[in-house]
Amino acid sequence: MKMEKIEIKNFRSLHDITIKPNNILALVGQNNSGKSNVLKALELFFKASKSMVKKDIFYMHNETQKIKITLTFKDLTPWEKEKFSSWLCDENLIVSREITLLDNSPNIDTFAFKQIPKPGWLQDEQINGDKITEWWENKDELVIGDLNFSEKFGSSKPAVGQWKTIAAEFIENHEDEIPFKIEKIKNPKGYDGVLKGALPEFIYIPAVRDVTDEAKVGKSNPFGQLINSIFEKISDDSKKDISTQLKSVETQLSSSSDDSLDEIKEIEGVLNRIMSDFMDCKIDIKVSVPQIKDIFNKVEICANDGIRTNIDEKGHGMQRSMIFTILRAYAELSHRKKAEDKAHEKSTLFAIEEPELYLHPQSQRTLMSVLKEISEGNDQVVYSTHSNLFVDIASFDDICIMRMDKEDGNHQSYPTQLQVSALIEDLKARTGKDGTEIGMRELHFNAFNEMVNEGFFADKVIIVEGDSEKYAFPIYADTIGYNLDRNNIAIVHSHGKGPMDRLYRIFNGLGIPTYLVFDGDKNSTKPANKRKTKELLVLLGETISDIQQLETKISSKYAVFEIDLESTLELEIEEYTELSTKAGKDINPLGKPLRNKYIANELKKKIHEDGFSNDILPKTIVEIIEQIKEVSYEGCILKKCEEDV
């Protein structure tokens, strides 16, 4: 089973939120935006430990408001369906925990949700002798549409057992015609035991976790259970052989044995000789040898990366990788223990804070591929991240951006997601074409590059065509005193105008203020360039019948150059030719991106070091930067996608 919906109320900064996770859920957002609180809420749900209930976990520290955490699970395996057969709602499982703290007394109630027929005479719990008498007196009312329930019994009033049997058959045969409702049941008998045995195994990996603690052999910690499983698998004959050998060692170290070591006997003789001067007493030396099971309590993990040492002497990256390794192995062991021969059907939920910590980029990519592989089976992965290597624009619906609303003194976190269905619906509304999930992902995968992913972590996104703008714009902005990085603004390039609309829809659909900068290509000999310009203008709410009428325009949503960036710079920078020639001499080979970067740096140097005024800067670029300062989110452009944002 996997989570389909997460609902959290009154937990820390999460006042009232709903998140719809896929196989992977990547929580992104600034520090203190509520990412970790989502993971901690899941931990509270799965552990359901009263020791975790403190005043500070309640929203605004107001413990008079219940914490409510409700999870909806889908894709139950046959084994899981069997375990929860009495508690399914349209093939899904819904479980809720309500947490209270009254007079410093913590309490956690568990609620089951059960789908039952609306008519009371079909509800198994209500069927009894008195009710049957009442219903039978009005048997003409036992109808649903054209279905007459009383006809199943003939003329005689049925007994309780018969009524229940016929009711169950009636429900099974007419499920599509019978109205149902969802009933919420508090702490049903035996339900907690079923949850413990059949809910996903929950593995929480916080950002700071000591490998020394993880590598200890304890009764309940993951590594301890792994080691204990080794002991359990040793055959009785092997245990007997090992015990015999240990007994032999004990015999040699014991003075009471004829086979004891001469060195032991010698020391014992000295002790007895001296003791005889004080009193009549015989001294024996006893050396205790551990039992076979005790030996496993001293197990340590060593790692050999060229030098074999204890794991806690290795770097943080290897230590964190070891934690992931232990927990993944533990999850596999837990499956076998709890589900026995159905182990492969029980799932695990991994909740990880900042999986990228201490890992270099290649290792981050490797770990990300491992997490994807894990999630493609029965398991699910939820993590918070600040790394663009752990998000993917082709899997935009795996991303949940957490933001903090600080208005009116009430700080509360809220999530933003974009579902594939919203883009499919938008495509239909715009073009009349029916899209598919696979097609939509392929379409956006072609716009993918790791630098584009930076946009998911930004407060604002500026989409430009290529490296020329990406290199030069931050320099011009910094020259006039507006540092883009400090203002958490990402410039992403789309490698041409082609993918721009796709990127714009994704970032806009996730509620990120987004600004486009592109070439008008008015004089281009390629019809496709002009056609794309028109398409972008239409997307941005502008229309133009003749591309030859296009002029450079800077608006609150976009900036379009009449021809291209280079033509604009050549027109507006007085020393453009000289600086371009100088760039060619200093840098070889020289392409347009490096030339534009060089010119921007030279102008910055003239202003900051030589005392020139900002008037030497290209005025169009300055105006664009001033507009970028004011960019704000003006609503979702996707057709009929308001519910998703």
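Assorted remarks:
- Only one of the listed residues (58, 73) is closer than 18 Å to residue 406 by Cα, touching a residue at least 12 places away in the same chain (Cβ under 8 Å) and open to solvent by less than 20 Å² (accessible area, probe 1.4 Å). That residue is 58.
- Applying the condition of being part of a helix (DSSP H, G or I) and of a type in the set (Ser, Thr, Tyr) to segment 416-439 and asking which residue is surrounded by the most Cβ atoms within 10 Å (Cβ to Cβ) yields 421.
- Some residue of segment 378-386 being at pLDDT 75 or above, surrounded by fewer than 21 Cβ atoms within 10 Å (Cβ to Cβ) and in contact with a His (Cβ under 8 Å, 6 or more places away or on another chain): yes
- Residue in segment 124-133 that is among the hydrophobic types (A, V, I, L, M, F, W, C), open to solvent by 20 Å² or more (accessible area, probe 1.4 Å) and either under 18 Å from residue 171 (Cβ atoms) or at pLDDT 90 or above (or both) present: no
- Odd one out for residue 119, checked against (1) surrounded by fewer than 15 Cβ atoms within 10 Å (Cβ to Cβ); (2) farther than 30 Å from residue 52 by Cβ: (1)
- Condition met for residue 550 (in contact with a strand residue (DSSP E or B) (Cβ under 9 Å, 6 or more places away or on another chain), over 17 Å from residue 473 (Cβ atoms) and among the aliphatic types (A, V, I, L, M)): yes
- Scan segment 387-402 for residues that are surrounded by 22 or more Cβ atoms within 10 Å (Cβ to Cβ) and among the acidic types (Asp, Glu) and the total you get is 2.
- Selection from segment 99-116 of residues that are modelled with pLDDT of 90 or more and under 21 Å from residue 198 (Cβ atoms): 108, 109, 110, 111, 112, 113
- Qualifying residue in segment 577-599 (condition: crowded, with 17+ Cβ neighbours inside 10 Å, in contact with a strand residue (DSSP E or B) (Cβ under 7 Å, 6 or more places away or on another chain) and on the phi < 0 side of the Ramachandran plot): no
- Within segment 420-462, the set of residues being under 30 Å from residue 37 (Cβ atoms) and in contact with a Lys or Arg (Cβ under 7 Å, 6 or more places away or on another chain) comprises 423, 444.
- Annotation: residue 83 fulfils all but one of (1) open to solvent by 80 Å² or more (accessible area, probe 1.4 Å); (2) under 21 Å from the mean Cα position of the chain (by Cα); the unmet one is (2).
- Screening segment 469-572 for helices (runs of 4 or more DSSP H) wholly inside it with 3 or more residues that are over 21 Å from residue 591 (Cα atoms) and open to solvent by less than 40 Å² (accessible area, probe 1.4 Å) returns the ranges 500-509, 527-539.
- Scanning segment 540-574 for residues that are touching a residue at least 24 places away in the same chain (Cβ under 8 Å), closer than 23 Å to residue 612 by Cα and of a type in the set (D, E, K, R) returns 566, 572, 574.
- Residue match in segment 267-287 (condition: under 60 Å from the mean Cα position of the chain (by Cα), of a type in the set (Gly, Ala, Ser) and either open to solvent by less than 100 Å² (accessible area, probe 1.4 Å) or more than 30 Å from residue 321 (Cβ to Cβ) (or both)): no
- Scope segment 259-297; condition assigned to a helix (DSSP H, G or I), touching a residue at least 24 places away in the same chain (Cβ under 8 Å) and not hydrophobic (A, V, I, L, M, F, W, C); matching residues: 293, 297
- Of the residues making up segment 17-38, those that are open to solvent by 60 Å² or more (accessible area, probe 1.4 Å) and touching a residue at least 24 places away in the same chain (Cβ under 8 Å) number 5.
- Options 305, 312: the member that is among the acidic types (Asp, Glu), open to solvent by 60 Å² or more (accessible area, probe 1.4 Å) and at pLDDT 75 or above: 305
- Considering residues of segment 5-38 that are of a type in the set (Ser, Thr, Tyr) and assigned to a loop (DSSP other than H, G, I, E, B) only, the residue nearest to the chain's Cα centre (by Cα): 33
- Screening residue 587 against (1) modelled with pLDDT under 90; (2) more than 14 Å from residue 471 (Cβ to Cβ) leaves a single unmet condition, (2).
- Taken over segment 440-455, the criterion of being touching a residue at least 40 places away in the same chain (Cβ under 8 Å), open to solvent by less than 30 Å² (accessible area, probe 1.4 Å) and either in a strand (DSSP E or B) or more than 25 Å from residue 560 (Cβ to Cβ) (or both) is satisfied by 453 alone.
- Reported count of residues in segment 370-398, each being among the β-branched types (Val, Ile, Thr), in contact with a strand residue (DSSP E or B) (Cβ under 7 Å, 6 or more places away or on another chain) and not in a strand (DSSP E or B), is 3.
- Condition broken by residue 622, with the remaining ones in (1) assigned to a helix (DSSP H, G or I); (2) β-branched (Val, Ile, Thr); (3) open to solvent by less than 30 Å² (accessible area, probe 1.4 Å) satisfied: (3)
The values are calculated or read from the model by the stated rules, or taken from the named source; none is laboratory data. Predicted, not measured: the structure shown is a model, and the values here were computed from it. Counting neighbours? That spans all protein chains shown, and the Cβs are built from the backbone with ideal geometry, glycine included. In case anyone asks, the SASA skips ligands and DNA or RNA and just uses the protein heavy atoms, side chains included. Shrake-Rupley method; radii C 1.70, N 1.55, O 1.52, S 1.80 Å.
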